[in-house]
Amino acid sequence: MCGVNGIYAYHYAASPPSEAELLATRDHMRARGPDGEGVWWRQDRRVGFGHRRLAIIDLSERAAQPMLSDDGRLAITFNGEIYNFPELKAELEAQGRRFRTSSDTEALLHLYELYGQEMVHRLRGMFAFAIWDEAREGLFLARDPYGIKPFYTANDGWTFRFASQVKALLAGGKVSRDPEPAGVVGFHLWGSVPAPFTMYREIRALPAGHTQWIDRLGPREPRAYVNLSAILAEGARAPAARADVSGIIRQGVLDSVRAHLLADVEVGVFLSAGIDSGALLGLMRDAGQRDIRAITLAFEEFYGTDEDEAPLAAKVAQAYGARHVVRRVSKREFQEDLPDILASMDQPSIDGVNTWFVAKAAREAGLKVALSGIGGDELFAGYPSFQDIPRWVSWLGPTRALPGLGAVLRRLGGALAPGLKQRLPKALGMVEYGGSYPGAYLLRRGLYLPSDLEALLDADLVREGLRRLKPLRTLAGCMTPDPHTPVGRVVALESTNYLRHQLLRDADWAGMAHSIEIRTPLVDIELLRRMAPVVPLLSSRDGKRELANAPSLPLPAEIVERSKTGFGVPTGEWTAGETGQPPAVLAKGASSRAWARELMQRRVAAIDPAA
Amino acid sequence: MRILALVTEAFGGRGGIAQYNRDLIEALASGPAPAKVEVLPRLAPDPPGGLPERVRQHPAAFSRPLYALRGLLLAWRLRPDLVFCGHLYMAPLAAIAARLTRARLAVQLHGIEAWAVPPAAQRRAVESADLVLCVSRDTRRRVLAWSGLAPERVVVLPNTVGEAFTPGEAAPMRARLGLAGESVLLSVGRLDARERYKGHDKVIALLPRLIQARGPLVYVVVGDGADRPRLEALARDAGVAAHVRFLGQAPANDLPGLYRAADVFVLPSAGEGFGIVYLEAMACGTPAVGLAAGGALDALGDGDLGAAVEQEALGETILAALAAPRGERARHDLAQRTRDRFGGSAFRDLARAILKRAA
């Protein structure tokens, strides 16, 4: 887990890149990799890589990066972890490959030599890496299937640049800050900036599960090498037998947790009182880890109340014999940290505050790596969206036969009940959007509906942004090919949108700010492949229960029962408090919307002083 | 590969765009896998001259309906692999021709025509292109501001500099212009009232200060247009009329000599699509000064080849350029670096490869 960056002056007319720029971008990412730093230049100095290292596998200097192949024809800068590295290494050695290090980085070089760009199909893990291929005189980029590790690129027509963070690219001083309407509008729609857009026109995310090739002709369009929806569709074609469901889940998650424990440093776990992290802890024990530190985030405000997660989390920790660390956070600490939070937030996001504090606690405990239960709700149908969306679509689908009806009803509703528009802006869009999966997803997850944006933002900006964003068409693309079943469609939508653009991105910036590598065993392409035949059989009732029962010692029944009602998190109120509105009057959706507006205003002053 | 080129002007045309089209068409029709190119221009004021092998230029058709009709008929008959559209205004026609014949579409965008959001039909046509070529990073940036094109499809193919522009004797042209030992500043560019961004007025305003600092100095202005009376009045008002020589439009043959006769080429233009004149000057070994704005930054090599400065620093920069030693060696060195960076072979190589990739 590290920070990577690079510059490639690919065009014949391009000015030679400067070392100062390469280092400024690299060192903006100091927190991502405090353990080491490196630079590599091609002989002609038109290609340069930077790397900041958080040493986790093979802590020695030999494994420092950027790393060259034996013959010097390949150079790599790599951020992430390859969890099937031991198997790959054994296989490569059996083929006569010699390793100088015991790092997964070196395995990537061998794989590229053997399989070229097809190598990505061999990888299980989270990764963003760039390889300079001297023989083909080109640059190869790849990003993991879920987009756990970030990767941003900027192409000005002469020079191609990449980095793990948007702000790091800006710190180099050569990338345009022209705003991207799709990024601004996308943030207001979703609460996070939807890839491939960023807040800046010149900076794009390399989409999850994509590779890209750049040579003297410039960058080619990114190419998808994996499609989550296709994996789900394939699973639906040959669904598992009901009797096999529990076994498949148990084996799948245990295998994933085992793989995610690969490290030469201690691996801890973020433990809430929910099912996902509790199950992970149980599975860590099943995977053979004896000494486990579990970090629980709790809030001063809830101490001694039913809302306090700490006592239940303590029970889970005790059940699995973990050393429990409870870290209490108060509103005051939030206010003290807020400037740092905003500065570390790579792109605006309405979430990530919890992750900030739990990662901070992990760092205080001396950990470098922790497992997180992110992704459990997406894969095991834990969200209300798994009930709501299919239901809305089946009720409202028939109204699609009358195009325009929804818009008329929205306008009518807005005129007749202006109060409703204030309190529940999305309710008015029910008929307009609720009849299709993409529309219903936008209703469920969106902060605002497209039709509400003109009240917030400049009309031209909204029009341009929506024109580029094409939200409904993009969502439809996220469930292509059709996963066939309602639950499969929602898994596809949640995994490629909320999970990717919000949860995983927040885990990255908030974790990296404290030099903590957050690993997500429930966000794993191998696990998805195993689960795909099971997904059609899951319901929002039993999915999480199956996960709770996956450890050999199942989660205490109390946890499963309590998790149904959920816990309060005061961060919503804290952030709402920052918006100057009394939190009591704001429902969750409204407080998120207020916080989003606040962030946009603060972005000008705090996040982005030069903007 | 068969290419249909729909262009404003190419062979027998005047100005930078015609030159660019000729360079591009020649590049595509030569090389290891040469294409057959049929060109339909809207204008051809001069005789087209000897066409390169495998290039056929059809008679110009200025009338829009006639041009469109002939373009479509030609596409239908030729069945091209690629339709090359040389100007934004023709993009809708080129898009139809490409769709009609299932050809790929490449659109060339130059400068200011592509700065504002174009009408819907042009915007859609450009967005349907497989490849959009821009002369500079600035033009590309502006195109990406109004189009939803994938950034990878928008590629910079800069102007290249003609073989005639080389270092040489300054004396013959100086003698012709009756210049003795004065310092000579030169601008080349249209004096179009709509194109005041070229910045001649800024140089004229600086002249009193420059003369005071440098002594005898002449500002030679090559190019003509409706803005000339205003500029002449400016020079009079500033009391420097005797130091400004408006030569009007110069024949192409005279240009290398004019560049060689100058000590410093200056064009503080805020709106160049690229600014081929900077390249021509530097290829003749004459130092160039421009603003760090728009496409000029590309031609000036981000300041590595010529000076690219903010407007406030213009006077200082011109003085520094005049004061710098400029022996034969320095002139040849600048010319060589300019040609290394923007010479024809790299241009032809990229043009062929990039259009082959699109087709």
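The values are calculated or read from the model by the stated rules, or taken from the named source; none is laboratory data. A quick note: this is a predicted structure, and the numbers were derived from the prediction, not measured. Quick reminder, even Gly has a Cβ in these numbers, built from the backbone with ideal geometry, and neighbours come from all protein chains shown.
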Any hit, the stretch A:376-393, residues being more than 27 Å from the chain's Cα centre (by Cα) and modelled with pLDDT under 90: no
Residue within the stretch B:321-330 that is more than 10 Å from chain A (Cβ to nearest Cβ) and in contact with a Lys or Arg (Cβ under 9 Å, 6 or more places away or on another chain) present: yes
Some residue of the stretch A:5-18 being surrounded by fewer than 20 Cβ atoms within 10 Å (Cβ to Cβ), touching a residue at least 60 places away in the same chain (Cβ under 8 Å) and not small (Gly, Ala, Ser): yes
B:Gly285 being within 14 Å of chain A (Cβ to nearest Cβ) and either touching a helix residue (DSSP H, G or I) at 6+ places or on another chain (Cβ under 7 Å) or not hydroxyl-bearing (Ser, Thr, Tyr) (or both): no
Criterion (touching a helix residue (DSSP H, G or I) at 6+ places or on another chain (Cβ under 6 Å) and aliphatic (A, V, I, L, M)) met by exactly one of A:Leu254, A:Leu262: A:Leu254
Those helices (runs of 4 or more DSSP H) lying entirely in the stretch B:115-197 with at least 3 residues surrounded by 20 or more Cβ atoms within 10 Å (Cβ to Cβ) and within 14 Å of chain A (Cβ to nearest Cβ): B:137-146
Residue match in the stretch A:363-371 (condition: at pLDDT 95 or above and either touching a helix residue (DSSP H, G or I) at 6+ places or on another chain (Cβ under 8 Å) or farther than 28 Å from A:Glu266 by Cβ (or both)): yes
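For every residue, the table says whether it meets (1) buried (at least 17 other Cβ atoms within 10 Å of the Cβ); (2) in the same structural domain as A:Ile389 (by TED's automatic domain parsing); (3) of a type in the set (A, V, I, L, M).
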position	(1), (2), (3)
A:Ala401	no, yes, yes
A:Arg410	yes, yes, no
A:Leu416	no, yes, yes
A:Gly435	yes, yes, no
A:Gly446	yes, yes, no
A:Leu449	yes, yes, yes
A:Ala455	no, yes, yes
A:Arg467	no, yes, no
Whichever residue in the stretch B:288-307 is surrounded by fewer than 21 Cβ atoms within 10 Å (Cβ to Cβ) and within 23 Å of B:Asp201 (Cα to Cα) and, among such residues, is nearest to the other protein chains (Cβ to nearest Cβ): B:Gly303
A:Pro348, sole failed condition from (1) closer than 30 Å to A:Ser436 by Cβ; (2) buried (at least 17 other Cβ atoms within 10 Å of the Cβ); (3) touching an Asp or Glu at 6+ places or on another chain (Cβ under 9 Å): (3)
For A:Arg136: the one exception among (1) farther than 30 Å from A:Ser229 by Cβ; (2) crowded, with 24+ Cβ neighbours inside 10 Å; (3) among the basic types (Lys, Arg); (4) away from chain B (no Cβ under 13 Å): (2)
Lone qualifier among A:Ala407, A:Ala476, A:Ala507 - being in contact (Cβ under 8 Å) with a residue 12 or more places away in the chain, out of contact with any strand residue (DSSP E or B) (no Cβ under 9 Å at 6 or more places or on another chain) and within 29 Å of A:Gly382 (Cβ to Cβ): A:Ala476
Selection count, the stretch B:326-359, where residues are in a loop (DSSP other than H, G, I, E, B), of a type outside the set (A, V, I, L, M) and crowded, with 16+ Cβ neighbours inside 10 Å: 2
Residue tally, condition part of a strand (DSSP E or B) and modelled with pLDDT under 95, over the stretch A:38-79: 1
Residue in the stretch B:58-69 that is surrounded by fewer than 18 Cβ atoms within 10 Å (Cβ to Cβ), out of contact with any Leu (no Cβ under 8 Å at 6 or more places or on another chain), in contact (Cβ under 8 Å) with a residue 12 or more places away in the chain and over 21 Å from B:Ala125 (Cα atoms) present: yes
Leading residue by the ranking (nearest to the other protein chains (Cβ to nearest Cβ)) among those in the stretch B:101-114 that are part of a helix (DSSP H, G or I) and modelled with pLDDT under 95: B:Ala114
Helices (runs of 4 or more DSSP H) within the stretch B:242-325 that include 3 or more residues under 17 Å from B:Leu185 (Cβ atoms): B:255-261, B:276-283, B:314-323
Selection count where residues are more than 30 Å from A:Ala455 (Cα to Cα), hydrophobic (A, V, I, L, M, F, W, C) and more than 14 Å from every other protein chain (Cβ to nearest Cβ), scope the stretch A:186-228: 3
Selected residue (criterion: nearest to the other protein chains (Cβ to nearest Cβ)) from residues of the stretch B:335-359 that are in contact (Cβ under 8 Å) with a residue 60 or more places away in the chain and under 14 Å from B:Ala281 (Cβ atoms): B:Phe342
Any pair with Cβ under 8 angstrom, 6 or more apart, that starts in the stretch B:288-305 at a residue that is farther than 20 Å from B:Pro167 by Cα and ends at one that is among the basic types (Lys, Arg): B:Gly295/B:Arg137; B:Leu297/B:Arg137; B:Asp298/B:Arg137
